[in-house]
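Worksheet: the structure to be examined is printed underneath.
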Amino acid sequence: MRLLKAEELFRKVLEGGSKKQGRLLGLDVGSKYVGLAVSDPQNKIALPLSVLGRTKTNIDLMADDFKTLVKKYSLKGLIVGYPFNLQGQSSPDAIQVSLLVGELSKTGKLDDLGYTYWDENFTSKCVEALLNPLKLNTPVETKTMTDKFAAVCILQGYLDNMNRAMRSTDDCKE
């Protein structure tokens, strides 16, 4: 896996025109779970996908799961939620994210995939506030739903920002 600038990754995804462009996978990384969201084929809308359990010993299985998703959804990159503090610096929770990305990279199973970090500030809190009235059955169900939809928020924020930037660039060319 290669760390790319946000704009560089988006350009890579759009290569080949509308028929061959790839999709993106959003990740909300936690200590126990990784929430996943996938972009639609046009990279306009983030859709909830699933949640992967995370332990110290299952990194190879996770890499295999990601590899399966890469093939199934024609993924070109990962948008990894990164917990910056309000001053724009890494927060203590960022260690979890960096560890996961590093461990996935070491497996060598995702070498063709690019990734970028995207600010995840308040995504889980926002989702918790939206889910609270639903009165989900168990704490695990609530946590996995929160992680999955936090991944949607992360990916949607990235897609909105990149699509807006692309439109601005196109407007300047005219």
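Taken over region 67-85, residues that are of a type in the set (D, E, K, R) and free of Cβ contacts under 8 Å to residues at least 24 places away in the same chain amount to 2.
The residue pairs whose first member lies in region 138-156 and is outside any helix (DSSP H, G or I) and at pLDDT below 85, whose second member is open to solvent by less than 20 Å² (accessible area, probe 1.4 Å) and polar (S, T, N, Q), and whose beta carbons are closer than 9 Å, counting only pairs six or more residues apart or on different chains, do not exist in this structure.
What single numbered condition from (1) closer than 14 Å to D28 by Cα; (2) in contact with a strand residue (DSSP E or B) (Cβ under 8 Å, 6 or more places away or on another chain) fails to hold for D93? Every condition holds for D93 apart from (2). With respect to the stated conditions, G108 is modelled with pLDDT of 90 or more, out of contact with any helix residue (DSSP H, G or I) (no Cβ under 6 Å at 6 or more places or on another chain) and exposed (fewer than 14 other Cβ atoms within 10 Å of the Cβ).
The values are calculated or read from the model by the stated rules, or taken from the named source; none is laboratory data. All of these numbers come straight from a predicted model, not from anything done at the bench. Note that we place each Cβ from the backbone using ideal geometry, even for glycine, and neighbour counts take in every protein chain shown. What goes into the accessible areas is simple: the full protein's heavy atoms, side chains included, and nothing from ligands, DNA or RNA. Shrake-Rupley method; radii C 1.70, N 1.55, O 1.52, S 1.80 Å.
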